[in-house]
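Report on the following structure.
Any read-out appearing in this document is the output of simple, stated calculations on the displayed coordinates, not a laboratory observation. Quick caveat: nothing in here was measured; it's all calculated off a predicted structure. Using ideal geometry, Cβ is built from the backbone for each residue, glycine included, and neighbour counts are taken over all protein chains shown.
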Amino acid sequence: MPAIVIVGAQWGDEGKGKIVDIFTEHADMVVRFGGGPNAGHTLVVGDDKLIVRLIPSGVLRPMTTCVLAQGMVIDPKSLVTELDELEHRGLRTAGRLVVSDRAHSILPYHVLVDGLREQGKGAIGTTKRGVGPCYEDKVARRGISLGALRDRTRLDALVGRALESWAPTIRELGGSVPTVSEILDAIEPARARIVGMLVNSQALIERAVRDNKCVVFEGAQGTLLDVDHGTYPFVTSSSPTAGGACVGSGVGPTRINEVVGLVKAYTTRVGGGPFPTELLDETGERIRKVGDEFGSVTGRPRRTGWIDLPGLRYAASVNGLDALAITKVDVLTGLSEIKACVAYDTPRGRTTDLPIDELDRAVPVYKTFRGWKKELGSARTMDDLPIEAREYLQFIQSEVGCPAVLVSVGSRREETIILRDPFSKRA
Ligand code: GDP
Ligand code: IMO
Ligand code: MG
């Protein structure tokens, strides 16, 4: 039984929640390996919609162990709020949801700094959840792991030290510096609950993989938001790419059997940064409306545009993609024509690669496809799709050089065409 990694191949919100939920039907374990409450993964079952931020999208599968691994940054209060919401829905997580004691804590001053910075000139459109400042502390080697929550006296000293280092920044940004006791009081109710869930997640995952269990590594964000490989500086502060699954969870690269890249049938982006195929016209507005493209964390309208094939080839390369899962094809129904960016004109000539450092000057070269009128929600095989949709999907697969394992035609679980069991490859 293999370990599979699922990553976003664009700028996030590709439908990872829906697809991870489907892939975990028979999984033993699902692992979030990076990011934090900046993620918002949507699961729709029947008429019920659930958005998870920190908790893995396999949580609806009662036999699946959910792991929040050490690459994550976790806001204790957000985690407890999510757990309460699940309990309120009658979903039991006790004993099957565990958290790495080496993951880092997002504390109120991280959220404060993120929000203050976003009011200023250097704003990049973050989710203001404190993710960037928390990763800054981690890399600066002054972060506070969740394990540190076990000992309140030690925590007191660590928070004091962190506040000292953030105080000048907070003041410079016009904020007021909280006290140590304000911070500790704010997290106290959550602290007590989270301490009971802390484990050595690396050892747990290693054992599951060694015992041939099915393990799904659930990416958050997307390849073009990767701090190393994305559209820097308009990126998140972690590594949402497939390599990040290894770094963030402690699983060795040779243990991964398959990497699946999630791709929307068009492109969206939330926040600032270059987006050459963006549609600032009626078509873009229509895609936003039909696709319900509003941020699941912040409610912000998502920017919309045509699919970017050089960008997807780049994602296939960075992640070593074995396969694609193509989502939201139904959203394109009714458009008279659909465009796909196949190359870019840059000041240095035409290229079929993604000119990642010149995206603000790159002009997309499009191939135009015929649209279709048929609603796709009831399609369960490729033959149920109109020929125009099949042609478009075939072109994407051949240009990216990856076959699709799945095509999604609606937000619900059943609105899916499964082409291959992702666990079947090298099982
Ligand atoms: P994630 O962050 O990658 O998990 O994606 P989000 O949940 O933030 O955003 C994806 C949105 O598209 C959610 O509202 C999903 O319910 C919805 N969705 C997922 N797949 C499909 C699909 O195939 N068709 C349609 N119409 N909606 C979809
Ligand atoms: P999921 O997992 C889409 C974007 C933000 C901003 C940039 C930095 O739901 O796909 P951050 O708060 O991380 O410091 O913001 O990254 N961003 C996302 N965009 N989907 C996400 O997650 C995102 N997580 C962060 O909008 O542009
Ligand atoms: Mg999302």
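Points worth noting:
- Criterion violated by Val98 - all others in (1) closer than 26 Å to Arg193 by Cα; (2) without any contact (Cβ under 8 Å) to a residue 40 or more places away in the chain satisfied: (2)
- In the stretch 185-231, the residues that are surrounded by fewer than 14 Cβ atoms within 10 Å (Cβ to Cβ) and under 21 Å from Thr126 (Cα atoms): Asp228
- Flag if Arg92 is within 12 Å of ligand 2 (Cβ to nearest atom), of a type in the set (Lys, Arg) and in contact with a Pro (Cβ under 8 Å, 6 or more places away or on another chain): no
- With a requirement of 3 or more residues that are surrounded by fewer than 15 Cβ atoms within 10 Å (Cβ to Cβ), the strands (runs of 3 or more DSSP E) lying completely within the stretch 321-424 that satisfy it span 363-370.
- If you check Leu97, Leu116 for being of a type in the set (A, V, I, L, M) and more than 22 Å from Ala220 (Cα to Cα), only one passes: Leu116.
- Residue within the stretch 282-291 that is charged (D, E, K, R) and over 27 Å from Glu337 (Cβ atoms) present: no
- Search result, residues across the stretch 231-253 that are within 11 Å of ligand 2 (Cβ to nearest atom) and in contact (Cβ under 8 Å) with a residue 40 or more places away in the chain: Thr231, Pro233, Phe234, Thr236, Ser237, Ser238, Pro240
- Residue check: Gly125 meets all listed conditions (1) without any contact (Cβ under 8 Å) to a residue 60 or more places away in the chain; (2) surrounded by fewer than 18 Cβ atoms within 10 Å (Cβ to Cβ) but one, namely (1).
- Of all residues in the stretch 293-340, exactly one satisfies the criterion of being in contact with a helix residue (DSSP H, G or I) (Cβ under 9 Å, 6 or more places away or on another chain) and without any contact (Cβ under 8 Å) to a residue 12 or more places away in the chain, namely Phe294.
- Single condition Trp166 does not satisfy, out of (1) touching a Pro at 6+ places or on another chain (Cβ under 9 Å); (2) surrounded by fewer than 19 Cβ atoms within 10 Å (Cβ to Cβ); (3) farther than 30 Å from Asn257 by Cβ: (2)
- Boolean, Thr327 is within 15 Å of ligand 2 (Cβ to nearest atom), of a type in the set (S, T, N, Q), more than 30 Å from Gln119 (Cβ to Cβ) and in contact with a Lys or Arg (Cβ under 9 Å, 6 or more places away or on another chain): yes
- Gly12 being on the phi > 0 side of the Ramachandran plot, within 16 Å of ligand 1 (Cβ to nearest atom), within 16 Å of the chain's Cα centre (by Cα) and crowded, with 24+ Cβ neighbours inside 10 Å: yes
- When every residue of the stretch 144-153 is checked against the conditions, none turns out to be assigned to a loop (DSSP other than H, G, I, E, B) and under 24 Å from Phe234 (Cβ atoms).
- Scanning the stretch 11-56 for residues that are more than 9 Å from ligand 2 (Cβ to nearest atom) and among the polar types (S, T, N, Q) yields one hit, Thr24.
- Count of residues meeting criterion [more than 15 Å from Leu321 (Cβ to Cβ), charged (D, E, K, R) and touching a residue at least 40 places away in the same chain (Cβ under 8 Å)] in the stretch 1-33: 5
- Tallying residues that are more than 14 Å from ligand 3 (Cβ to nearest atom), crowded, with 21+ Cβ neighbours inside 10 Å and assigned to a loop (DSSP other than H, G, I, E, B) within the stretch 279-320 yields 1.
- Single unsatisfied condition, Thr81 versus (1) touching a residue at least 24 places away in the same chain (Cβ under 8 Å); (2) more than 14 Å from ligand 2 (Cβ to nearest atom); (3) not basic (Lys, Arg): (1)
- Just so you know, in the stretch 254-279 the residues that are within 11 Å of ligand 2 (Cβ to nearest atom) and under 16 Å from Leu324 (Cβ atoms) include one that is farthest from the chain's Cα centre (by Cα), and it is Lys264.
- Qualifying residue in the stretch 100-108 (condition: more than 23 Å from Ala148 (Cβ to Cβ), of a type outside the set (A, V, I, L, M) and more than 16 Å from ligand 2 (Cβ to nearest atom)): no
- Of the listed requirements (1) surrounded by fewer than 20 Cβ atoms within 10 Å (Cβ to Cβ); (2) in a helix (DSSP H, G or I); (3) of a type outside the set (Lys, Arg), Gly120 misses just one: (2).
- Annotation note: Cβ proximity below 9 Å between a residue of the stretch 36-51 that is closer than 11 Å to Lys18 by Cα and near ligand 1 (Cβ under 6 Å from one of its atoms) and a residue that is basic (Lys, Arg) and assigned to a strand (DSSP E or B) (sequence gap 6+ or interchain) occurs for Thr42/Lys49; Val44/Arg412.
- Conditions (1) in contact with a Ser or Thr (Cβ under 7 Å, 6 or more places away or on another chain); (2) buried (at least 21 other Cβ atoms within 10 Å of the Cβ): number failed by Thr42: (2)
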